[in-house]
Structure formats: structure tokens, C-alpha cells
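The structure appears below as C-alpha cells.
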Amino acid sequence: MSGTSLDGLDIAYCLLRCDEEFRYVDFELLAAETIPYPDSWTKRLAGLVDASAYEYALTDVELGHYMGRCVRDFRQRHEGAVDAIASHGHTIFHQPHLRLTTQIGDGNAIAAETGLPVVYNFRQLDVALGGQGAPLVPIGDKLLFGQYDGCLNLGGFSNISYEIEKQRIAYDVSPCNMALNYLANLNHVVFDIDGMMARQGKLNDTLLQRFNSLDYYGKPLPKSLGKEWFDSKFRSLLDTNDDSTETVNSHLRTVVEHIAQQVGLAVKNADLHSLLVTGGGAKNGFLIERIKVYSTQCEIVVPKSEIIDYKEAIIFALLGFLRLYGKANCLRSVTGASTDNCGGCIAGLV
């Protein structure tokens with residue numbers, strides 16, 4: 001799994017078991033690591049949206065080989081039989097209204113490096129069927145973490161999933177770590193550890209109102225966010241000529257409040273009473289505190305660290321598992337596609 005926040009490549013080695021009808025799946029996380037991206041890859045991926053077609057195509061292949069080598073090295077550190085690799089890849093474009101979504105990291109290159117079959121390009125079929133192609137995690141929420149009323153992921157964006165009348169509903173709630181890390185970088189750090197800088201900042205009520213007034217929040221479901229929206233709609237509200245520590249901390253404080261308020265509205269509207277919170281933002285103590293303030297009717301459950309860190313990678317293992325068996329791994333109730341679908345290309349011999 002490679003997320004929009006560009007913090008690295010998450011690799012999870014999973015054992016999956018299911019009943020004959022695939023109504024229930026049990027998992028065991030055997031080993032997991034995060035491989036941080038070298039600065040060269042971080043800069044290359046961050047700038048790829050404006051690159052030439054040649055550079056885009058070359059990066060797709062070279063990232064696949066890089067990912068494959070990372071998996072191969074991981075396997076040398078963690079011995080055990082492997083049936084297949086499921087790779088989300090790294091999202092460069094996500095504009096479902098144009099039937100466009102692209103995740104690079106060529107699956108054929110990963111297969112060549114590892115000698116294993118690879119399932120990849122999970123989103124494209126759903127988008128072709130008129131869906132958002134996102135979020136994909138909710139089927140894992142349903143099958144692996146169904147003991148909770150809902151699941152909240154605090155990644156590059158915050159997204160939530162829950163059941164309504166036996167159908168899984170999910171959507172992106174707001175920007176999250178993409179915005180927080182952008183601001184933290186202005187303070188010359190990678191991220192705001194435990195929300196300490198945000199805690200020191202002063203809430204900017206005018207900016208908070210502008211965040212909450214963005215058109216996205218009034219749109220009906222299904223809906224999803226992408227980097228293009230963040231760059232054009234959200235980041236523009238943060239960009240000022242003042243990059244002083246005081247201003248940056250104030251912006252961090254205000255973004256945290258915005259995330260918490262939007263999550264609180266989502267929890268209230270869905271009438272949730274227990275919520276599993278994962279993703280990097282679950283380790284931001286100040287953000288969790290503020291979410292609890294706006295979600296008083298709901299038990300906020302932050303699980304053990306390995307689930308926080310690797311839940312998405314575990315679920316993409318599940319998506320690959322379902323693809324290999326020809327079972328639906330993307331839900332129309334979540335994405336708005338014309339039908340449930342079984343997304344993913346397969347490279348290599350099964």
C-alpha cells in the first residue's frame with residue numbers, strides 16, 4: 001500500500017481464511033513493515049502530475065520494479081509461503097467524473113522482480129462502471145472488522161464506512177494527513193508528532209468557516225476526494241505569505257478542528273455508537289481528543305499499533321484474495337457504480 005501522504009510503502013504479510021460463501025473472512029497479520037520512500041522517490045512522485053507522458057510511463061515501470069525489490073527484500077527478512085501479491089500502487093490522478101483514475105507501480109514489473117502473481121489496478125473497473133473507484137477499504141471493514149458500527153480511517157484523507165439497511169456506505173469525509181503534513185513541512189518537520197504543534201496554535205474561526213463552507217461538504221453520496229481537489233480547493237486557503245511558526249501552528253490547529261467537526265457530523269448523521277479509528281492520524285493524540293469532543297455519543301476505539309499502521313495493507317491483501325477467487329471486492333453501495341464488481345488486473349501465472 002502506498003498512500004497519498006507519501007510516507008512510504010506498507011507491506012503486510014497476511015494469512016486469510018474464509019467460509020465457503022465468503023460471508024466471513026478471518027485474518028492473521030504474520031509480519032509487516034513500512035519502507036520509507038527515499039527523498040528521490042518522494043520528489044518524483046509528488047511532481048508526476050505535471051510530468052511528460054514519457055516520464056509518467058517510465059515512472060510507472062520503475063516504481064513497479066522498486067516495489068518488487070522492496071517485497072523481495074521483505075520476504076528475505078520474513079520467510080514463509082506466499083500465494084500472491086496485492087498492490088494498490090500509488091495514485092497520481094483521481095477524477096472519477098471523467099472516468100479517470102490511475103495508480104502507478106506496474107504489476108508486471110512487481111511480478112518480474114518477485115516471481116509471484118500480482119493483483120493490481122483495483123480501482124479502474126469501478127470507475128469504468130460509473131463509480132468513484134473509492135473508497136475500496138469498506139468491504140474489508142465489513143468482512144474483517146464488522147464488530148464495530150463504523151470504521152474511520154485517518155490517512156491522507158479521512159474516510160468513514162458503516163452499514164445502513166444491510167448495505168455498506170462509505171465516503172471521504174475531509175482532508176486529513178495530506179493537509180496536516182503539508183503544514184508540518186512548513187515548520188521543517190515531516191509530521192506533527194501527537195498534534196503538539198496544533199495544540200499550541202490558535203484557532204482561526206474565519207479560516208475554519210471557509211473550510212466548512214467548501215462545496216464538497218454539501219454534495220450527496222457517493223463522493224470521494226483526490227489530490228487535485230486538495231491542491232485546488234483546500235491548500236489554496238492555507239497558502240499565505242506568512243510561514244511563521246505562529247501562523248503555521250494556527251493553521252494546524254484550525255485544520256484539526258475542521259477534521260474533528262466533519263467527522264463528528266458524519267458520526268451523528270449515521271447514528272454510530274462504536275467507531276474503529278485507524279490510519280496515521282489515529283496516533284495524533286490531539287486530533288483524537290477533538291474528534292471525541294464532537295462525537296460524544298460514540299465510543300472511539302483506537303486499536304493496537306499494528307492495526308493502525310497496516311489496516312489498509314491488510315485490506316488490500318483481502319481485495320487481492322477476493323479477486324483471485326472471482327468474488328466482488330468493490331461495492332456499488334459505496335462507490336455508486338452500476339454494479340458490485342471484482343476489480344484488479346492479474347500479472348504473472350496463478
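The values are calculated or read from the model by the stated rules, or taken from the named source; none is laboratory data. Predicted model only: the values in this text are computed from it and were never measured. Backbone-built Cβ (ideal geometry, glycine too); neighbour counts: all protein chains shown. Surface accessibility is based on the protein's heavy atoms, side chains included, excluding ligands, DNA and RNA. Shrake-Rupley method; radii C 1.70, N 1.55, O 1.52, S 1.80 Å.
One residue stands out among those in region 215-236 that are over 21 Å from the mean Cα position of the chain (by Cα) and modelled with pLDDT of 95 or more: the one that is farthest from Gln95 (Cα to Cα), which is Gly218. Would you tally the residues in region 284-299 being buried (at least 18 other Cβ atoms within 10 Å of the Cβ), in contact (Cβ under 8 Å) with a residue 24 or more places away in the chain and closer than 23 Å to Met196 by Cβ? Adding up the residues that qualify gives 7. In the set Ile85, Ile104, Ile164, Ile110, only one residue is on the phi < 0 side of the Ramachandran plot, surrounded by fewer than 20 Cβ atoms within 10 Å (Cβ to Cβ) and either at pLDDT below 95 or not acidic (Asp, Glu) (or both); that residue is Ile164.
Sub-7 Å Cβ pairs linking a first residue in region 78-103 that is assigned to a strand (DSSP E or B) to a second residue that is modelled with pLDDT under 95 and among the aromatic types (Phe, Trp, Tyr), at least 6 apart or interchain, are Leu100/Phe93; Thr101/Phe93; Thr102/Phe93, ordered by first then second residue.
Determine, yes or no, whether Gly68 is at positive phi and open to solvent by less than 10 Å² (accessible area, probe 1.4 Å). Write out each step before concluding.
On the way: at positive phi: no; open to solvent by less than 10 Å² (accessible area, probe 1.4 Å): yes.
No; evaluated as a whole, the condition is false for this residue.
Out of Gly80, Gly47, one residue alone is open to solvent by 20 Å² or more (accessible area, probe 1.4 Å) and over 22 Å from Lys311 (Cα atoms). It is Gly47.
Looking at Asn241, Asn204 in this structure, which one is among the polar types (S, T, N, Q) and surrounded by 11 or more Cβ atoms within 10 Å (Cβ to Cβ)? Break it down into steps so the answer makes sense when it comes.
Working: Asn241 fails: surrounded by 11 or more Cβ atoms within 10 Å (Cβ to Cβ).
Asn204 is the lone residue from the list that is among the polar types (S, T, N, Q) and surrounded by 11 or more Cβ atoms within 10 Å (Cβ to Cβ).
Do you know which of the residues in region 44-75 that are part of a helix (DSSP H, G or I) and small (Gly, Ala, Ser) is modelled with the lowest pLDDT?
Pass one, region 44-75, residues part of a helix (DSSP H, G or I): 44-46, 48-50, 53-75.
Of the ones still in play, those that are also small (Gly, Ala, Ser) are 46, 53, 57, 64, 68.
On the way: Ala46: 91, Ala53: 97, Ala57: 98, Gly64: 98, Gly68: 98.
So the residue we want is Ala46.
Given the residues Ala270, Ala260, Ala266, which is the only one that is crowded, with 19+ Cβ neighbours inside 10 Å, more than 18 Å from Gln209 (Cβ to Cβ) and among the hydrophobic types (A, V, I, L, M, F, W, C)?
Working: Ala270 fails: crowded, with 19+ Cβ neighbours inside 10 Å; Ala260 fails: more than 18 Å from Gln209 (Cβ to Cβ).
Going through Ala270, Ala260, Ala266 in turn, just one is crowded, with 19+ Cβ neighbours inside 10 Å, more than 18 Å from Gln209 (Cβ to Cβ) and among the hydrophobic types (A, V, I, L, M, F, W, C): Ala266.
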